[in-house]
Each structure stands twice: as structure tokens, then as C-alpha cells.
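To keep things clear, I will list the structure first and then write my remarks on it.
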Amino acid sequence: MKEFSQQELTIKDRSSSISQEQAGPVSQLEQDSLRPEPPTSGAGWLGLTRTAYFDWALGLLGALAYLAWLALPSRIPALALLAGLGGGIALRWYAGYTVRTGARLAIRAEYLGLALVMLLAGALRFTALHQSLPYFDNPDEPTMTNTGIRMLQTGDLNPHFFRWPSLPFYLQFAATAFQFVSGVGQGRYTDLQNLPTENFFLTGRYVSALLGTATVFLTYLLGRTLYGPAVGLASGLILAVLPLHTEHSHYVTPDIIVTFFTVLTLLFAAQIFRTGERKWYLWAGVAAGCTIGSKYNVGIVLAVIVLAHLLAPAQRRGKITWLLGSIGLAVLVFIMTTPFAILDLPGFLNELAFQVRHYTILGHGSASETPSWSAYLLDFWNIGFVFQASLAALGGVLFALVRQRKADWLTVAFPLLAYFFFSMAKVHFARNLMPLLPSLAILSAALLVSLAGWLVARWPGRTAQARSLVKRQTALVLILFAVLFFYCGLHSVLTNRYFLQPDTRQLAAQWIIAQVPAGSKIRLEQGGPILPVERYKNANEQRPIGGRPPEWYRQQGFNYLVASSNQYDELSRNDPAAAANYRLVAEQFTLLKEFKESSKEYPGPTIRIYQVK
């Protein structure tokens, strides 16, 4: 076996070389990750450059992807094979690179841990994406999906909806176009008219799951850049199991998109803080523009770019003109991603004015009954950082404020500023907290790694070898994670299990088709089951049952009424006449079947099927 010199075996890991001024003392776990790697056998990484069978395997993988694309009804297996082929090609290139440069790099535990974290994140986000289709539980999903379809059908790229910025609509439009083109080749569609929306919802959900999983990776990179590999891995693991993030990775909404671009902006801001290079100012401006182009109220992220510039050591700080250029570029990118803010200025300003009034003056029912500052804290406790995990997040914030390193200030700034800014509004939704979760995951991870390092330093036999200390610290971090984030992981798993169950509207539709004779005249409510129009009269109409007294349904020849709690709950609260009609319907007509809403067993509203008599 060829012998390598110590110089050949040493690789400088620039991304984790944090100065004392920036990140303070490096933990034992992080020190170990920077040690020289042992020599590897063969030419290149894992000896792949000397194994011809690897090249044959890549060719076989490409052939399988080609056949899967042609033969299978779904493109997903082919895309998965192509992703594997791309990874293999990258690995093959890197093997050649190591031979050309003489560098040697063995597989580190960090990479294995990252792979496991990403597998966990992907599993929790890509599972149960079909949930409830062709129905939906999140009322924002139809807004994005239907707008993308309309853009494709009409060619009008003006969303005519500016309560959100336009970047999420254009991403959905691109996904819709891809789904249509691929679906035509598979015989699912013939033209742009009368498109079934179910597949387009699913395509949008795949995009959300992909961005949600990518956000976990970006969180790892951000934590690693500011604090080192140990905190990076721990922060990625924490975000991977947070239930608010895993749940919204199943929805076609702007929230997962803006979270992705927020972390990307913070990552580039961290590079400004570390290096002061001009390119990071430019990239931070682009990412911040995409962030604002996804959701207006997260524009507060621009303050972090300014803070990163101010916190950078004077000898590495970039020019003030670079900072101003970064902010100007963010504004330009926002205009590029929401172009009709200029091209349809009256429509944009009217919608934006409504959104501002909605959040600050008008309110939104139960979402504005309690002060936002306390409602958001309750959301953190219940579905953000669940139960004792909230204590880890709070402890991470306090630890950063007490320690007061520059990296701590840069990390803690965004969640504190955003929480203060969001709490000023009258309306509060738990989903608004999504962009805060990655930073809080990093702060929690920094606390866990520091606490584990403190315990190892006082461990009996602390004079043991470095690798033994690293294993102890790793084990302690995992134990602390298990104790503090157990309910987060359980909540995410149970949410996926819940999504896998049949929707009450699906169950109701199946029961009606099996039990109700064809040709019956049925009154359906909004949010109820979808029935075949060729089988039942009036199946294409959805109107509130409480809008008419029971006698009217007899006179009009209705045979069955199908009520949905999505409709009758709201009407019964706000309309006394409708509430009275619903009571009369329940008294005079026969309740044949009820599919009850359950937060633990089945998704969907309560569905009640009455027979008119």
C-alpha cells in the first residue's frame, strides 16, 4: 500500500474554521471533525477510479431510468433513478479529482450523520402527500393551485391576487406546466381545458416537500458555518422532526417557500459575516428578494444582512456600497418575482392595502381574539417546538444572549426581530412562525452541544483519548435530543399517520355511491363529498342546506341532503335563521349516516347524510 505524507493527508476545511472572535472555543466533537483523515487505499476516493464496474453500473442506472420513463405510468421512479445517476456521476468526477490533485478524503462520521438526517427529513415530508385528495384541508392550497392552472390555460401571467407576492404562483405555474406536458405523454390530458386538479395539487405538494427537505440541509449548512459540524448536524436533526415544518411541507402554500429562502438569505449573511466577500453580498440580496417575493412580512430578514455587515471584523468587512447594493438587489429581485406590482400598480396597491388592514385593523375571527404575542408563544408550545422542546429553544435564545458572541447575535437576531414584528399585528397564524424555526433549531443545537461538552469535561476519566471523548459527547447530544424532542418526532409521525387515513369526504362519497340509488336528487354543501354528476341530480351544485327550511326541499323533490361541518358550523354561529333551519332539518329528516370529524383518526369535516321524508 502506498504511504502518504502527513502533508498529503491534511485537508483544510474552510467552512468550519471559525475564529475565536466569531464563535469562541471549539468543542471536542468539532475538533475531532477537523483532524487529518487516515489514508485510503486505491486510487481516488474509495478506489472508484480503478473499478470499471462502477462505470458499468452508471450506464445500467441510466438505462433503467430511460426504460422507467418510457414504461411506467409515473415519472417518479425514473426521476429517482436519474437523481441516483446524477449522484453517481458526481461521485465519479470527485474520484478523478482526488487523483488529479493528490487530495485524500475518507468518509467522515459527519457525512454519514448528514445522510441519516436527510433521510429522516425526506421520509417525514414525502410520506402521505396524497392525503385527502381530491379534497384539501388547508384553505390556501386552492389559491396557489388554481392560479397556476389558470395561468397555463389563459397565458395571463398576472395572478390578479396580491395578498401574497407572486413568486409562489410562478413556482406553481412552472410545476403545473411540467405536470401537464408529462401528463399529455401519458394520456392523462388531451388539452388545457377541463383539467382535473388532483394531479396538480399533488405536483405542488411534491415541490413543497422537496423545498422542506432542502431547508433542513440549508439549516445544517448555516449551523455548520457559524458554529461547526456538530451544531450543524444537531440543528438539521432538530428541524427535521419539528411538526409545524413537517406538516406544512405537505401543503401547496407560500410558507414552506418563504422558509427556504429565509434560511438561504441567512446562510449568505453568515458568509458576509465570515469573509466579507462581495459575492456573498450579491447572493444575499438575491435570496432576500426571493424571500420578500414569497411573503411580504418576512422582509425583516434584510436587517440580518445589515447586522452581518456590522458584526464582521473590520479587516474583513465589505464596502458600504456592497451592502447598499445588496439591499437594492433585493428590491430588484422582488420586482422581478412580482412584476405586476409595477405593471398592475392599482391592483397591487389595493390588495396590499387590504392585507395591511386585515392584519392590523379588521382582524380574522378567532385568529385575532387574543394578543398575538401570547398566541404565538402558545403555538410554539403546542405545534412549533412541542412541549419540552420549547424549553430547549428558549434556553438556546437565553444562552446566546448571555454568551454574546458575534455568531450568537447573528443567529438570534432574526427570530427576535421577526417575533416582535409579527406580534405587532392583530392577526396571528401559527404558519407565520415557520421562517423562525431554522434559527431556533440552530440555537437549540448550540445549547445541546455546549451542554454535552460541559458534561464530558466533568466526566470521570476525562483524560481518555480524543475519539472516546467525541463518542461520549455525541451520545450525550443524542440523549438530550431524544429527551427534549421526543414529542416533536412523535407529533410528526402521528401527523403523517393521520394524513394516510381516508378522508371523511372520501368515506362519505363511497357510502353514498354504494347505498343511494342512482338518479336521486341530492343537495351538497361546500366542503362536502364530490359525487359523479352523471349518477346523481344536482351533484354539480354546492349550496348551504341551512339557507332553506325543510319544506322547501320537499317541494323541490330532493331525496337526500349531505351536510358538511365546514359549512354548517360557520353558518350556525353567524346566521340565526340558518341555525334554525339546520335544527329543523335534524328534527324532521332521517339521519342515515354520519362520518365524524376526528383530529386523531380521520382528516376532513363531519359529514351528515339525511334522507328527506
- Tally the DSSP beta bridges in the chain and give the antiparallel ones as a percent, rounded to 5. 65 percent
- Item | the range 84-93 - phi-based ³J(HN,Hα) in whole Hz, Karplus 6.51/-1.76/1.60, Gly and Pro as x | x, 5, x, x, x, 5, 4, 5, 5, 5
- Note on the structure: Violations at 27 Å Cα threshold for listed pairs LYS406/LYS471; LYS537/LYS600; LYS537/LYS596; LYS521/LYS600 -> LYS406/LYS471; LYS537/LYS600; LYS521/LYS600
- Item | Per-residue HN-Hα couplings for the range 534-539 [Karplus 6.51, -1.76, 1.60; θ = phi - 60°; Hz; x = Gly/Pro] | 7, 9, 10, 6, 6, 6
- Query: Assuming R0 = 45 Å, what is the FRET efficiency of LYS319 and GLN355, from their Cβ-Cβ distance, to the nearest 0.05?
  - Reply: 0.80
- Calculate, for the range 443-517, the solvent-accessible area per residue in square angstrom, rolling a 1.4 angstrom probe over the heavy atoms of the protein chains. 52 Å²
- Item | Unit Cα scatterers, Debye sum, the range 366-482: log10 I(q)/I(0) for q = 0.10, 0.13 Å⁻¹ | -0.38, -0.58
- Linear extension gain, TYR487 paired with LEU60, 0.36 nm per residue minus alpha-carbon span: 149.4 nm
- Expressed as a rounded percentage, what relative contact order does the range 470-585 have, with Cα pairs under 8 Å and six or more residues apart? 22 percent
- Task: Using +1 at the Cβ of each Lys and Arg and -1 at the Cβ of each Asp and Glu in the chain, identify which of LEU60, THR495, THR203 lies farthest towards the dipole's positive end.
- Result: LEU60
- Task: Specify the angular offset, from 0 to 90 degrees and rounded to the nearest 10, of the alpha carbon long axis of helix 278-292 from the longest principal axis of the alpha carbons in the chain.
- Result: 10 degrees
- Give me the distance in nm between label points sitting 7 Å out from Cα along the Cα-to-Cβ direction at LEU116 and ALA579, one decimal. 5.6 nm
- ARG278 to PHE178: FRET efficiency via 1/(1 + (r/R0)^6), r the Cβ-Cβ distance, R0 41 Å, to the nearest 0.05? 0.70
- In nm, what is the difference between 0.36 nm times the number of residues separating PHE421 and GLN186 and their Cα-Cα distance? 79.8 nm
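Apply 1/(1 + (r/R0)^6) to the Cβ-Cβ distance of ALA303 and THR370, taking R0 = 35 Å, and write down the FRET efficiency to the nearest 0.05.
0.80
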- Task: Please state, to two decimals, what the Cα-based radius of gyration of the chain comes to when divided by 2.2 N^0.38 Å (N = residues).
- Result: 1.10
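Which is the longest run of the chain containing none of the GluC sites (Glu not before Pro) found in DSSP loop states (not H, G, I, E, B) with at most 15 other C-beta atoms within 10 Å?
The answer is 4-276.
The values are calculated or read from the model by the stated rules, or taken from the named source; none is laboratory data. In this text the structure is predicted, and so the values were computed from the model without any measurement. Note that we place each Cβ from the backbone using ideal geometry, even for glycine, and neighbour counts take in every protein chain shown. Just so you know, the surface numbers come from the protein's heavy atoms only, side chains and all, with ligands and any DNA or RNA stripped out. Shrake-Rupley method; radii C 1.70, N 1.55, O 1.52, S 1.80 Å.
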